[in-house]
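Please read the structure below before turning to the comments.
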Protein chains: 2
Amino acid sequence: MKSIIEILKEHDIAPSMQRVKILEYLRNYKTHPTADMIYQALVDDIPTLSKTTVYNTLKTFTEKGILLALSLFENEVRYEYNKDPHIHFKCMKCNKIYDLNHSFDHYNDNLVDGHKILEHHVNLKGICKDCLKVEN
Amino acid sequence: MKSIIEILKEHDIAPSMQRVKILEYLRNYKTHPTADMIYQALVDDIPTLSKTTVYNTLKTFTEKGILLALSLFENEVRYEYNKDPHIHFKCMKCNKIYDLNHSFDHYNDNLVDGHKILEHHVNLKGICKDCLKVEN
DNA sequence: TTCAACTTTGTACCGGTTACAAAATTGAAA
DNA sequence: TTTCAATTTTGTAACCGGTACAAAGTTGAA
């Protein structure tokens, strides 16, 4: 697997310690974390870490295409390491977010009603497998 | 067409002046406005209008199923008068939001990977028809 | 007419995010 | 190796969408 430093360099980003740790976290934990969750997870390791750094770094990574910024169903941005095409499902009961391997890539780079589609975000909402079990 | 007052009564909502004007605005202007846009549009007409009233009213309407609250691509909620199933497209250049008449209703009330789907939100992003013309 | 229930309003506050300037770090030229 | 400009990080203050709350206003049925 490519090293974090390699990935950063490929995207013209200087591999500072903070940037390496943040990207490492996002690659390891696929939990669609918020900026604050990332900050909380790393501040023990980097006691001087500033939230502004986390926000700046996530912005940079997103602009350079390393991360995807998700507007899921609440009023906060969540981030994920860019990977195979998938869609999101959020459980209305336990609030867990699942990745589903359904692709809508037939949209991308195509025209729909004359509009050129560059990104697609499919967000499903309902009751997840596990919560369905508990209900019955 | 049903009157605004009828619609409110059908949903067990007392038709106050503020509520009528807010719903009227949303039914007339299909621009997916934010709470603040609605406030700005109505405050000349109702000089004592409070933003809290707009927020309260939108919350009530959404709970009663008159409106849909959309988490589109930014960090602010946008509202629309509930109508035929459709998906959203946002132009990355002019920021206009279009409704597209594509239905994904085959999802609803079905199981996907064992999860029960109750809502689906499909948000496309790209360059709209009009901006494509200007580009060339 | 009365009065309780409901609605609206204004203020203060909250939490996620950004602006900004100072401090720290880096890395390439000398 | 030293220097110094460019980059990165940090902390504080501010911004902005949204909510809590209590007071004031309005409504409608007894």
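Residue by residue, here is whether (1) of a type in the set (D, E, K, R); (2) modelled with pLDDT of 95 or more holds:
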| residue | (1), (2) |
| --- | --- |
| A:Met1 | no, no |
| A:Ile5 | no, no |
| A:His11 | no, no |
| A:Pro15 | no, no |
| A:Arg19 | yes, yes |
| A:Arg27 | yes, no |
| A:Lys30 | yes, no |
| A:Met37 | no, no |
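Would you mind stating whether A:Ile4 is among the β-branched types (Val, Ile, Thr), in contact (Cβ under 8 Å) with a residue 12 or more places away in the chain, more than 22 Å from B:Lys90 (Cα to Cα) and touching a helix residue (DSSP H, G or I) at 6+ places or on another chain (Cβ under 8 Å)?
Values: among the β-branched types (Val, Ile, Thr): yes; in contact (Cβ under 8 Å) with a residue 12 or more places away in the chain: yes; more than 22 Å from B:Lys90 (Cα to Cα): yes; touching a helix residue (DSSP H, G or I) at 6+ places or on another chain (Cβ under 8 Å): yes.
When the stated conditions are applied, A:Ile4 passes them.
May I ask you to verify whether B:Asn101 is at pLDDT below 85, open to solvent by 70 Å² or more (accessible area, probe 1.4 Å), touching a Ser or Thr at 6+ places or on another chain (Cβ under 8 Å) and at the interface with chain A (Cβ under 9 Å from one of its Cβ atoms)? It would help to see each step written out before you state the result.
On the way: at pLDDT below 85: yes; open to solvent by 70 Å² or more (accessible area, probe 1.4 Å): yes; touching a Ser or Thr at 6+ places or on another chain (Cβ under 8 Å): no; at the interface with chain A (Cβ under 9 Å from one of its Cβ atoms): yes.
No; evaluated as a whole, the condition is false for this residue.
Any chance the stretch B:64-82 includes a residue that's open to solvent by 60 Å² or more (accessible area, probe 1.4 Å) and modelled with pLDDT of 80 or more?
Step one: list which residues in the stretch B:64-82 are open to solvent by 60 Å² or more (accessible area, probe 1.4 Å), which gives B:64, B:68, B:74-76, B:82.
Within this subset, residues satisfying the condition of being modelled with pLDDT of 80 or more are B:64, B:68.
Scanning the stretch B:64-82 turns up at least one residue that is open to solvent by 60 Å² or more (accessible area, probe 1.4 Å) and modelled with pLDDT of 80 or more.
Considering only the stretch B:1-37, state which residues are open to solvent by 40 Å² or more (accessible area, probe 1.4 Å) and β-branched (Val, Ile, Thr).
B:Ile5, B:Thr31
How many of the residues making up the stretch A:41-57 are more than 11 Å from DNA strand D (Cβ to nearest atom) and surrounded by 14 or more Cβ atoms within 10 Å (Cβ to Cβ)?
Counting residues in the stretch A:41-57 that are more than 11 Å from DNA strand D (Cβ to nearest atom) and surrounded by 14 or more Cβ atoms within 10 Å (Cβ to Cβ) gives 1.
Going through A:Tyr55, A:Tyr107 one at a time, which residue ends up being hydroxyl-bearing (Ser, Thr, Tyr), modelled with pLDDT under 90 and more than 13 Å from the chain's Cα centre (by Cα)? Talk me through it step by step, then tell me what you get.
Working: A:Tyr55 fails: modelled with pLDDT under 90.
Result of the check over A:Tyr55, A:Tyr107: A:Tyr107.
The values are calculated or read from the model by the stated rules, or taken from the named source; none is laboratory data. Being a predicted model, the structure only gives us computed values, none of them experimental. FYI the Cβ positions are ideal-geometry reconstructions off the backbone, even for glycines, and counts take in every protein chain you see. The accessibility values were calculated without ligands, DNA or RNA, using every heavy atom of the protein model including side chains. Shrake-Rupley method; radii C 1.70, N 1.55, O 1.52, S 1.80 Å.
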